[in-house]
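Read-outs throughout are calculated quantities, based only on the coordinates presented, and are distinct from any laboratory measurement. Given the structure is predicted, the values throughout are model-derived calculations rather than measurements. Positions of Cβ are generated from backbone atoms using ideal geometry, with glycine treated the same way; all protein chains shown enter the neighbour counts.
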Amino acid sequence: MKYTFRYRAYPDRVGLTSDVESHIDIHRQAYNYTRYEYQTLESETHNVGSAYQHHDRLPQWKDEFPLFGEVHSKALQATVKRFYSNLSGLSELKENGQTVGMLRWKPPREFQSMTYSQSGFKLKNTSGQTATLWLSGVGDIPIRYHRDVPPNATIKQVTIKKESTGEWFVSFGLDLPADTVPSKPALSEIEPQECVGVDLGITNYIHTSENLTVDTLDLSDEYDRLRREQRDLARKEHGSHNWEDQRRKVAKANRKIKRKVTDFQHKLTTWLVTEYDLVAVENLDVKPLLEDSYNAKNKQDAAWSRFIRLLEYKAELHGTHVVTVNPAGTTKECASCGVATEKPLWVREHSCPACGHTQDRDLNAAKNILTRGLKPDRSGTLRSNAHADCAPYVVASARGCRCKARR
Ligand SMILES: [Zn+2]
């Protein structure tokens with residue numbers, strides 16, 4: 001099984017930020033050069049066309065541009081591979097009927113990471129709360145080691161990335177034997193920025209406490225098709241050959257919808273459990289029937305229940321906590337001051353009469369869900385509960401705790 005473990009990294013603490021940045025910039029140039037060669041060279045005669053072939057060009061690159069010799073060779077190969085996997089992602093979109101252009105040249109702000117594959121890295125000093133990641137050509141970078149890499153895991157690759165917030169993260173791509181699953185990090189070690197609250201919505205499929213939204217899956221074509229096939233079925237003589245043929249078509253249309261939903265939910269849950277250490281969601285068993293029409297709600301509830309079951313299942317596999325919270329009043333309460341205000345479904349913005357706080361209704365709900373998920377009513381306590389009174393602020397500032405800055 002493959003896993004991704006993500007850690008905060010602090011190249012700034014050892015004065016290595018500019019070294020990491022200049023390495024990433026060399027990789028950016030390598031990425032752009034791969035693109036240039038892919039577009040201008042003949043694939044038959046010049047070994048372009050696949051990452052594997054293109055790797056053969058790297059010695060020549062290094063002769064021509066000594067700059068490319070400054071970065072680790074396996075990492076350079078990984079960058080070439082990155083171009084080709086972006087390329088295949090693009091053709092996948094094209095196959096799905098989307099209009100896509102060419103892969104673009106990457107300016108610095110769009111290229112903020114590099115990956116070491118197989119070699120050129122080493123994880124050291126892992127006994128305490130911090131550890132050291134050695135990267136070839138760069139040096140030792142301290143990381144916050146809030147969860148252990150299982151002893152029987154193989155680290156296949158390491159990606160170091162600067163987020164748009166300016167924070168650095170490293171992700172380890174791990175390979176674990178099939179019969180082992182990674183253990184969950186201790187709750188007391190999890191920082192608020194590693195947690196997320198998820199509001200399951202109607203206009204958006206999910207809305208997270210970091211204000212990321214995922215649109216509801218558009219199944220209108222599939223449902224049109226299903227209705228058409230069902231209509232045709234109703235016209236056939238029950239039990240006849242034609243009826244049996246048509247019945248299969250209805251089943252096929254149904255299956256297509258189900259597969260599309262499952263695929264969508266798999267992708268979404270995998271993203272959540274790899275990106276975060278704790279995911280807080282509403283407990284649907286106690287969620288009252290309060291919004292939308294009864295039928296639509298039931299249908300949506302069934303899909304959400306599946307989504308949460310899948311999330312819990314994936315979380316076990318990836319060593320991530322899933323916390324279900326009491327959903328009562330999450331939309332009414334103000335994420336900033338806690339005062340509850342009634343609002344009908346069509347009011348899409350939360351505007352607090354008590355403190356004046358305004359934000360999107362679902363974002364407000366997602367923050368409340370996270371706040372409830374961070375409350376110390378489960379086994380163990382979260383580190384963030386040191387700031388129990390300012391929990392809303394912890395959440396309000398999304399990545400990073402505002403009250404921390406005040407201490
Ligand atoms: Zn308020």
Please give the net charge around R348, taking every other residue with its beta carbon less than 11 angstrom from that of R348, where Lys and Arg add +1 and Asp and Glu add -1.
-1
Distance in nm between label sites at T274 and T358, each 7 Å beyond Cα in the beta-carbon direction?
3.9 nm
Karplus-derived 3J(HN,Hα) from phi for the stretch 266-280 (6.51 cos²θ - 1.76 cosθ + 1.60, θ = phi - 60°), whole Hz, x at Gly and Pro, runs 4, 4, 5, 5, 4, 4, 4, 6, 8, 7, 10, 9, 9, 10, 9
If you average the C-alpha positions of the stretch 138-154 and of the stretch 1-39 separately, how far apart do those two centres end up, in angstrom?
18 Å
Tell me the net charge near A9. Cut-off is 12 Å between Cβ atoms, A9 excluded, with +1 for each Lys or Arg and -1 for each Asp or Glu.
+2
Classify the stretch 111-249 as rounded, prolate or oblate from the Cα gyration tensor: take a ≥ b ≥ c as the square roots of its eigenvalues, call it rounded if a/c is under 1.5, otherwise prolate when a/b beats b/c and oblate if not.
prolate
With labels modelled as points extended 7 Å from the Cα through the Cβ direction, what inter-label distance (nm, one decimal) is found for E92 paired with S183?
3.5 nm
Check: C-alpha center the stretch 41-82 vs C-alpha center the stretch 317-378, spacing in Å is 50 Å
For a quick check, take a GNM of the chain with Cα springs below 10 Å and name the residue from S119, S209, S88 with the largest mean-square fluctuation.
S88
Length gain on complete extension for the stretch T165 to Y36, per 0.36 nm per residue less the alpha carbon to alpha carbon distance?
43.4 nm
Per principal axis, largest first, the Cα atoms of the chain extend in Å by 72, 66, 44
In angstroms, what radius of gyration and Dmax does the stretch 2-183 have, counting Cα atoms only?
17.6, 53
Out-of-range pairs (alpha-carbon distance over 22 Å; input K94/K256; K94/K314; K343/K367; K260/K332):
K94/K314; K260/K332
Choice from A280, A365, A51 showing the highest fluctuation, given a GNM over the chain with Cα pairs closer than 10 Å:
A51
Taking the Cα centre as origin and putting +1 on Lys and Arg beta-carbons and -1 on Asp and Glu beta-carbons, what dipole magnitude results for the chain, to the nearest 20 debye?
600 debye
At what distance in nm do the modelled label points of E110 and R231 sit from each other, each positioned 7 Å from its Cα along Cα→Cβ?
4.4 nm
In this structure, the FRET efficiency calculated for K124 and T4 from their beta-carbon separation, with R0 = 22 Å, to the nearest 0.05, is 0.65
Got the relative contact order for the chain handy, in percent, Cα pairs under 8 Å and 6 or more residues apart?
16 percent
What FRET efficiency do you get for W134 and K74 if R0 is 22 Å and r is their Cβ-Cβ distance, rounded to the nearest 0.05?
0.95
What dipole magnitude, in Debye to the nearest 20, does the stretch 219-270 give about its Cα centre under +1 on Lys/Arg Cβ and -1 on Asp/Glu Cβ?
120 debye
